[in-house]
Amino acid sequence: MSLHTTTFSSASELATVFSQRIADILKQAISERGKASLVVSGGSTPLPLFKALSIRSIDWSKVTITLADERWVANTDAASNEKLVRENLLQDKASKANFVPLKTVHENAEDAVQQLTATFNKVGLPFDVVILGMGEDGHTASLFPCSAQIEAGLDVNSPAMLIATQPTTAPHQRMSFTLRALVSSANVFLHLTGQKKRDVLQDALENYTDLEKPIKAVCDKTNVELMWAP
Ligand SMILES: O=C1O[C@H](COP(=O)(O)O)[C@@H](O)[C@H](O)[C@H]1O
């Protein structure tokens, strides 16, 4: 499988061009099937992209948006990826999109897997667009190399679509789509900014196993387009 890199001069140029690219794919899906789906990541990197995407002119009422992963905190908590999406992506034109949260009322993430799986069976996989981020430890979505659940999360022979994870090097229980669910999309993007992340990715691809650096597992299993700016 291949990694194709597009380099931008700045995070804002990246956001402008990438948001148009995503909008074009979603529009195409809507014209073919009457609906489209978009998986976004949390963390700090996507902020300018969310703002650029929110003002794109597409029929957002036909788009389902969800997250690649969620921290198991209330959606009012500063650490909530849902909060980030609601405040920055589900605004302006994109406020009409249908957002499906990963956080449920369950106290433990593990207890929510069955309900969420039923929900996303109705949404339907594969997703039209998956945008992944990456942490400096090589985790992507909430597939953390330090977690006891990493083998299960990366097992593409398992039918599991979602997995509850507990990182030991980062706070909060998590809910994450599995590698199998993420790479089933025809359009998997990796969105990174900064030289440090680019070096981590390069090192992961050259010197580590999939279990040690889960981002490598994604690149091993599907074609990934890296959108990168310094
Ligand atoms: O914990 C998470 O981290 C990664 C990377 O976040 P960033 O702040 O370094 O951009 C993110 O992709 C993931 O969705 C998030 O839950």
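Some observations on this one:
- Contour excess over end-to-end distance, with Cα ends at S2 and D155 and 0.36 nm allotted per residue: 53.1 nm
- Using θ = phi - 60° and Karplus 6.51 cos²θ - 1.76 cosθ + 1.60, couplings along the stretch 172-189 (whole Hz; Gly, Pro as x): 6, 5, 10, 10, 9, 5, 7, 4, 4, 5, 5, 7, 6, 6, 6, 10, 9, 10
- For L143, nonlocal amide neighbours, meaning residues 5 or more places apart or on other chains whose placed amide H falls under 5 Å from its own, do not occur.
- Surface share of carbon and sulfur [accessible, 1.4 angstrom probe, percent] for the stretch 9-220: 48
- E136 contributes about 110 Å² of solvent-accessible surface, heavy atoms of the protein only, 1.4 Å probe.
- Projecting label points 7 angstrom from Cα along Cα→Cβ for S61 and A118 puts them 2.9 nm apart.
- Solvent accessible area, Å² - R21, 1.4 Å probe, full protein context: 90
- 15 Å beta-carbon shell around K62, net charge (K/R +1, D/E -1): +2
- Per residue, the chain exposes an accessible area of 43 Å² to a 1.4 Å probe, with every protein chain left in place.
- Estimated vicinal HN-Hα couplings, Hz - the stretch 223-230 in sequence order (Karplus 6.51, -1.76, 1.60; Gly, Pro = x): 7, 10, 9, 8, 9, 10, 9, x
- The modelled label-to-label distance for the pair A148/R33, using points 7 Å beyond Cα in the direction of Cβ, is 3.6 nm.
- Less than 5 angstrom separates the built amide H of S37 from those of T64, D128, V129, all sequence-distant by 5 or more or on a different chain.
- Backbone geometry of the stretch 144-161 corresponds, through the Karplus equation with coefficients 6.51, -1.76 and 1.60 at θ = phi - 60°, to 3J(HN,Hα) couplings of 8, x, 7, 8, 5, 8, 5, 4, 5, x, 9, 7, 6, 8, 7, x, 4, 9 Hz, x marking Gly and Pro.
- For the chain, the membrane-span-like helix rule (DSSP H, alpha carbon extent of at least 30 Å along the helix axis, mean Kyte-Doolittle at least 1.6) picks out no helix; this says nothing about an actual membrane.
- Computed [θ] at 222 nm, deg cm²/dmol, the chain (DSSP H ≥ 4; -39,500 (n - 2.57); rounded to nearest 500): -10500 deg cm²/dmol
- Rounded, prolate or oblate (a/c below 1.5 giving rounded, otherwise prolate when a/b exceeds b/c) for the stretch 157-204 by Cα gyration tensor: oblate
- Electrostatic tally near L179: other residues with Cβ closer than 9 Å to its Cβ, Lys and Arg +1, Asp and Glu -1, net 0.
- Residue-count net charge about A204 - beta-carbon cut-off 15 Å; Lys, Arg +1, Asp, Glu -1: -2
- Ligands, DNA and RNA excluded, the heavy atoms of D59 present near 60 Å² of accessible surface to a 1.4 Å solvent probe.
- Sequence of T66, T6 when ordered by accessible area, the most exposed leading, probe 1.4 angstrom: T6, T66
- Three-way shape call for the chain based on the alpha-carbon gyration tensor, with the a/c threshold at 1.5: rounded
The values are calculated or read from the model by the stated rules, or taken from the named source; none is laboratory data. What you are looking at is a predicted structure, and each value in this text was computed from that prediction instead of being measured. So basically every Cβ, Gly included, is an ideal-geometry build from the backbone, and we count neighbours across all protein chains shown. For accessibility, only protein heavy atoms count, side chains too; no ligands or nucleic acids. Shrake-Rupley method; radii C 1.70, N 1.55, O 1.52, S 1.80 Å.
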